[in-house]
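To start, the structure under review is shown below, and the notes come after it.
Just so it is clear, none of the values below were taken in a lab; they were calculated from the coordinates. All values reported here derive from a predicted model rather than from experimental measurement. Cβ atoms come from the backbone with ideal geometry, glycine included; neighbour counts cover every protein chain shown.
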Amino acid sequence: MKSDRLLSALLLLQAHGQMSGRALAKRLEVSMRTVHRDMEALSAAGVPVYALRGAQGGWRLDKGWRTEVPGLDEAELRALLMSQPRIMGDVRLAAAAESALGKLMASLPAAMRERAASIRQRLHVDTTGWRGTGENLAMLPVVQDAVARDRKLAIRYEKSDREIVERTVDALGLVAKGSTWYLFARTRHGMRTFRVSRIAEAKLLNEAFERPRNFDLATA
């Protein structure tokens with residue numbers, strides 16, 4: 001969406017000070033003409049973005065202007081960085097989380113941004129385990145979508161005895177135990193837990209469901 005792209009462009013300029021139109025186009029995955037229109041839109045909205053001419057030209061954000069994250073102290077920053085995007089497991093979700101974290105980092109004051117970079121250099125999350133037996137989380141994005149939107153989900157599921165069953169479930173929540181993800185769902189047989197790595201196929205249905213009143217995933 002354009003609003004998301006404008007925010008991404010703004011935070012990129014805030015992080016780098018200035019960037020060439022070509023670099024912005026590559027990072028935003030749009031054309032140079034679209035970058036020019038986006039810069040004009042930001043300027044019209046009151047953001048001090050300036051065009052730079054010549055061989056070293058491009059776009060620059062006024063150094064005195066920032067969009068900041070208020071109230072974020074170092075303890076909160078450390079806690080946030082402990083949940084590195086790699087812990088998401090699925091490549092697409094990790095990429096989205098990395099993009100969101102990058103936007104947040106760009107909006108921090110310079111001193112805290114440097115501190116955040118230092119913290120990240122001292123933390124590595126490897127979800128594959130020592131023996132390299134990582135979970136197959138190919139269906140996690142679909143399951144997450146169903147959970148977020150209160151939509152019914154049709155799944156083909158491999159049970160512990162290798163039997164394949166088909167279920168239509170109400171996707172109530174996701175639970176992470178270590179690097180293993182579980183779907184907590186309501187079925188016609190009652191509440192059930194499904195290991196996401198055993199979901200062979202998942203299809204988001206065009207049918208919503210009503211969540212149980214006062215449902216609490218932590219105590220379910």
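Some notes on this structure:
- Spin-label pair Lys63-Ala208: with each label point 7 Å from Cα along the Cα-Cβ axis, the two points sit 5.1 nm from one another.
- Prolate/oblate/rounded label for the range 2-61 (Cα gyration tensor, a/c 1.5): rounded
- Low-density loop cleavage sites - GluC sites (Glu not before Pro) in the range 128-212, where at most 10 other Cβ are within 10 Å (DSSP): Glu163, Glu210
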